[in-house]
1. Out of L96, L51, L113, any idea which swings most in a Gaussian network model of the chain, alpha carbons joined below 10 Å?
2. According to the Cα gyration tensor, what semi-axes, each the square root of 5 times an eigenvalue, does the equivalent ellipsoid of the chain have, listed from largest to smallest in whole Å?
3. So between V15 and E174, what do we pick up on full extension, going 0.36 nm a residue minus the alpha carbon distance?
4. Please report the carbon-and-sulfur percent of the accessible area for segment 71-120; probe 1.4 Å, protein heavy atoms only, DNA, RNA and ligands left out.
5. Post the alpha-carbon centroid distance, segment 66-93 to segment 126-156, in whole angstrom.
6. For the chain, what is the charge dipole size about the Cα centre, in debye to the nearest 20, if Lys and Arg each add +1 at the Cβ and Asp and Glu each add -1 at the Cβ?
7. Compute the accessible area per residue over the chain, keeping the other protein chains in place, probe 1.4 Å, unit Å².
8. Looking at the chain as a GNM with Cα springs under 10 Å, which of R36, R93, R129 has the largest mean-square fluctuation?
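The values are calculated or read from the model by the stated rules, or taken from the named source; none is laboratory data. Predicted model only: the values in this text are computed from it and were never measured. No Cβ is skipped: glycine too gets one built from the backbone with ideal geometry, and neighbour counts run over all protein chains shown. Just so you know, the surface numbers come from the protein's heavy atoms only, side chains and all, with ligands and any DNA or RNA stripped out. Shrake-Rupley method; radii C 1.70, N 1.55, O 1.52, S 1.80 Å.
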Amino acid sequence: MSLVLLAFMFLYGAVRSALWARGQLRFRRLRAHLPRAAAPCEAPAHLGDSLTRLLARSHAGRVRLVGSARQVATVLIVDPDVAFGCVRDFRFRLALADAWTAANGWLHAYDDLSEHEQRQLEAYGYTARRFGERRAELGGAVRRCVRAPALEPFAVADVEAVQQLLLALIGDLEGCERALLASAPDHPYRATG
């Protein structure tokens, strides 16, 4: 092995080590600012069983999405390749897969509601249309990730777009929970449709 190659390998190792250490220090400084999930709230008594289950499923899905968003944010902080404009950390793929599972699970729970219960949720001020659109967008990112060969880098801009999408999905589920928690009981003398 030539001395030039050995010097180059040493320099490369030093740069990677410095970038790794920088990421670890940044993570320690920024970890308090990563997304967090709030504790679940108790369902109002007037919600039916299905809407109560949807509220619980919404919180569970939001917790998983927050975990995925935290993982993506962690990758953007600690991955040494971010300095070169890409991400190779395998945790990004895992976070994306878990987010996809959580989003699909919540949407299936919503689809399992009767039409009357879906209309009731809309009357409370929430519709799942935006969530469905964002889930479809997440599906495109998942397909690109699954088709990518192992260790293929993802552009930082694409990873940040996924992070913003996860935060938007979390906001959608928070909106559903707020609507269910703020819902008023049906008045016994009001005509039902």
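1. Checking each option, the largest mean-square fluctuation is seen for L113.
2. The answer is 45, 16, 10 Å, longest axis first.
3. Residue separation times 0.36 nm, minus the Cα-Cα distance, leaves 53.1 nm.
4. 55 percent
5. Here the answer is 15 Å between Cα centres.
6. The dipole magnitude comes to about 800 debye.
7. So the chain comes to 59 Å² accessible per residue, rounded to a whole number.
8. Largest GNM mean-square fluctuation: R129.
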